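The values are calculated or read from the model by the stated rules, or taken from the named source; none is laboratory data. Owing to the predicted nature of the structure, the values given are computational and were not obtained by experimental measurement. Quick reminder, even Gly has a Cβ in these numbers, built from the backbone with ideal geometry, and neighbours come from all protein chains shown.
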Amino acid sequence: MSLRPLTLVTGASSGIGAALAEVFANNGHDLALVARRASQLNGLADRLAREGRKRPLVVVADLLQPNAGDVIDAELKRNGYEVQYLVNNAGIGAYGYAADMAPDVRQSIIGLNVKAPTALTLRWIDPIVRHRGGILNVASTAAFFPRPGMAMYHATKAYMLSLSEALHNELANDGVRVCALCPGPVLTEFFSSAGTTPSIFPSFLYRSPERVAREGYDGLMAGRTIVIPGFANKVLCQLPRLLPRGIVQRLLAPRAIDSEKNKSISREGSSP
Ligand SMILES: NC(=O)c1ccc[n+]([C@@H]2O[C@H](COP(=O)([O-])OP(=O)(O)OC[C@H]3O[C@@H](n4cnc5c(N)ncnc54)[C@H](OP(=O)(O)O)[C@@H]3O)[C@@H](O)[C@H]2O)c1
């Protein structure tokens, strides 16, 4: 039996992932929405259906579980689908020095931001190539800055940026698009989940989830390698290429401010 192609969006229960799902739906894609919170996923699926789009398939899965890929794959096949476009959006951050972080938090950041998207990408490369589809990896402007106070998160996003750029070239001859979407700050649940606030960012860096999602979709479909929404964010991300690494590191060095959250860390910071 031939399977129908769809777009699978991880972390579609809120924020940028929900906005991305909507943009793909608006452009006629059949969708699978993946995250842990069934009620949010079903709420989005119901709304899209009410508004005249095809109701997405809802797949409740915890991407930190080793069998997550198998669970999702089985659900797709049961419904007659396979992946054409993969949107690796689910991600978490945590504020604090890496050495002070609980081991399970460190594992979760690497597990969700690096291991899961890598595993899902490689699992579905064949159908993605067969359908000449694409992969949209949600990285971050954090990918460009090795920032103390959120070292783990930034390093995972740098990995996703590097992976995306390399896969973009590896898969170009197969007609597959690969794009890293690198938003600056976006007001979502991300900041509260990460135990920090977005207040340190100047307002001109912000973009809405909807705008970020639209630019990500357009960039992917246009065959772009990297999309950085917003002019100021684009300029910021050029700095590490223009300045010597030592200067960039000094600019990013933590300021001596007591954090209310973690008194053992005498610095403050937050990252998109
Ligand atoms: N907000 C920003 O300023 C910003 C800027 C740049 C990049 N980003 C990136 O954008 C992506 C989306 O973040 P967001 O800002 O939209 O934050 P968000 O609203 O907190 O969304 C995170 C999503 O990841 C899902 N998720 C978390 N843990 C999961 C797990 N174990 N298994 C499956 N799904 C899981 C969450 O769903 P459940 O809780 O239902 O599982 C949720 O849908 C992330 O990769 C983030 O790093 C965010």
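Contact map, the range 135-162: first residue over 22 Å from ALA119 (Cβ atoms), second residue within 10 Å of the ligand (Cβ to nearest atom) and at pLDDT 95 or above, Cβ cut-off under 6 Å, separation 6 or more or different chains; pairs are THR141/CYS182; THR141/GLY184; THR141/ASN233.
The rows are residues; the columns are (1) within 11 Å of the ligand (Cβ to nearest atom); (2) polar (S, T, N, Q); (3) assigned to a loop (DSSP other than H, G, I, E, B).
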{"site": "GLU165", "(1), (2), (3)": "no, no, no"}
{"site": "GLY175", "(1), (2), (3)": "no, no, yes"}
{"site": "PRO185", "(1), (2), (3)": "yes, no, yes"}
{"site": "ARG214", "(1), (2), (3)": "no, no, no"}
{"site": "LEU220", "(1), (2), (3)": "no, no, no"}
{"site": "ARG224", "(1), (2), (3)": "no, no, yes"}
{"site": "CYS237", "(1), (2), (3)": "no, no, no"}
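Among the residues of the range 134-144 satisfying the criterion of being within 22 Å of GLY175 (Cβ to Cβ) and buried (at least 24 other Cβ atoms within 10 Å of the Cβ), which is nearest to the chain's Cα centre (by Cα)? Here the answer is ASN137. Of the residues making up the range 169-187, those that are surrounded by fewer than 21 Cβ atoms within 10 Å (Cβ to Cβ) and on the phi < 0 side of the Ramachandran plot are ASN169, GLU170, LEU171, ALA172, ASN173, ASP174, LEU187. Of the helices (runs of 4 or more DSSP H) lying entirely inside the range 1-116, the ones with 2 or more residues being over 19 Å from PHE190 (Cα atoms) are found at 15-26, 38-50, 68-78. Pairs linking a residue in the range 198-227 that is on the phi < 0 side of the Ramachandran plot to a residue that is at pLDDT below 90, with Cβ atoms under 6 Å and 6 or more positions apart or on different chains, are PRO198/PHE191; ILE200/SER270.
Residues that are surrounded by fewer than 19 Cβ atoms within 10 Å (Cβ to Cβ), of a type in the set (A, V, I, L, M, F, W, C) and touching a strand residue (DSSP E or B) at 6+ places or on another chain (Cβ under 9 Å) within the range 72-124 are absent altogether. Considering the range 3-34, the residues that are within 13 Å of the ligand (Cβ to nearest atom) and on the phi > 0 side of the Ramachandran plot include one that is surrounded by the fewest Cβ atoms within 10 Å (Cβ to Cβ), namely GLY15. Scanning the range 74-90 for residues that are acidic (Asp, Glu) and within 15 Å of the ligand (Cβ to nearest atom) turns up just one, GLU75. None of ARG147, ARG106 is farther than 24 Å from PRO209 by Cα and basic (Lys, Arg) except ARG106.
Taking every residue in the range 69-97 that is at positive phi and pairing it with any residue that is outside any loop (DSSP other than H, G, I, E, B) and more than 16 Å from the ligand (Cβ to nearest atom), at least 6 positions away or on another chain, the pairs with Cβ-Cβ distances below 9 Å are GLY80/ARG4. Residues in the range 97-133 that are closer than 18 Å to ASP174 by Cβ and among the charged types (D, E, K, R): ARG123, ASP126, ARG130, ARG132.
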